[in-house]
Amino acid sequence: MHLQVLYEDNHLIAINKPAGYLVQGDQTGDMTMADFVKQYIKIQYNKPGDVFLGTIHRLDRPVSGVLLYARTSKGLTRMNELFKQREIEKLYWAVTLEQPEPLEGKLTHYILKDKTKNRAKAYDRMSRRSEGAKKAELEYKVLGRIASHVLQEVKLGTGRPHQIRVQLAKNNTIIRGDMKYGAPEGNRDGSIHLHCRSLSFIHPVKKEPVTITAPPPTEDIWNLFSDFWEDF
């Protein structure tokens, strides 16, 4: 596959992940984005033998956008700490089937993941039913609406499994194509309209501010909002 490399230095590499590809291996045995990035590094830098590549964060298979890897163990350790301390700003774009009310706000739920079904559930409060759930927070705002499609920006405060998908669904704004969380139909390519738009952080080695931005997929629904790209 052709990788769209968004950022690269001695310690980090970020690519624009296409929807439909795995970040880490599963029972399918399909190639992962890490496999493709390692191939790129081997060819680009003529590296013999194994290539070190550390997975810093993950995106669900049907999600697109900024995917960041570490090229050194130092970079991996320090970036993991930044994620742990919530010192990375994570912005997502989602095309939803309904408009939220109010148009801008903060959502707080308690998310419990069912690993056997690969599905999460969001609760409004902790109770015996939600025992083991973890607090999840995000901020959202509507950027635009065209016909029945609404473009929302989501800023993650935490990083729980399927967090944006389940919290937006709980807020009655289901992501287009996300049948797992209530969309009436899926997208033909198996994607959902959720895109990691940008990551912003202080570089763990250079100590300089970094913002990595990924353009959304070139696709009919995303293209409806193409006039917004330069504004946001």
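For the stretch 31-43, does any single residue satisfy the condition of being out of contact with any Cys (no Cβ under 6 Å at 6 or more places or on another chain), under 29 Å from Glu137 (Cβ atoms) and surrounded by fewer than 15 Cβ atoms within 10 Å (Cβ to Cβ)? Checked the stretch 31-43: no residue is out of contact with any Cys (no Cβ under 6 Å at 6 or more places or on another chain), under 29 Å from Glu137 (Cβ atoms) and surrounded by fewer than 15 Cβ atoms within 10 Å (Cβ to Cβ).
The conditions of being among the aromatic types (Phe, Trp, Tyr) and touching a strand residue (DSSP E or B) at 6+ places or on another chain (Cβ under 6 Å) are met by Tyr69.
Within the stretch 10-30, the only residue that satisfies the criterion of being under 20 Å from Ile212 (Cα atoms) and exposed (fewer than 13 other Cβ atoms within 10 Å of the Cβ) is Asn10. Residues that are more than 16 Å from the chain's Cα centre (by Cα), under 29 Å from Asp220 (Cα atoms) and either polar (S, T, N, Q) or surrounded by fewer than 20 Cβ atoms within 10 Å (Cβ to Cβ) (or both) are absent from the stretch 108-116 altogether. For Tyr92, the stated conditions hold: it is surrounded by 15 or more Cβ atoms within 10 Å (Cβ to Cβ) and in contact with a Cys (Cβ under 8 Å, 6 or more places away or on another chain).
Annotation: Leu138 fulfils all but one of (1) of a type outside the set (S, T, N, Q); (2) closer than 18 Å to Lys84 by Cα; (3) in contact with a helix residue (DSSP H, G or I) (Cβ under 8 Å, 6 or more places away or on another chain); (4) assigned to a loop (DSSP other than H, G, I, E, B); the unmet one is (4). Check the stretch 160-168 and report whether any residue there is in a helix (DSSP H, G or I) and free of Cβ contacts under 8 Å to residues at least 40 places away in the same chain. Among the residues of the stretch 160-168, not one is in a helix (DSSP H, G or I) and free of Cβ contacts under 8 Å to residues at least 40 places away in the same chain, which makes the answer no. Taking the criterion of being more than 16 Å from the chain's Cα centre (by Cα), surrounded by 19 or more Cβ atoms within 10 Å (Cβ to Cβ) and among the charged types (D, E, K, R), the only residue of the stretch 171-219 that qualifies is Lys180.
Considering the stretch 61-89, and only residues there that are farther than 26 Å from Asp50 by Cα and among the charged types (D, E, K, R), the residue that is surrounded by the fewest Cβ atoms within 10 Å (Cβ to Cβ) turns out to be Lys84.
Bear in mind that the values in this text are calculations on the coordinates, not laboratory data. Everything numeric here is computed off the predicted structure, so don't read it as measured data. Positions of Cβ are backbone-derived with ideal geometry, glycine not excepted, and every protein chain shown enters the neighbour counts.
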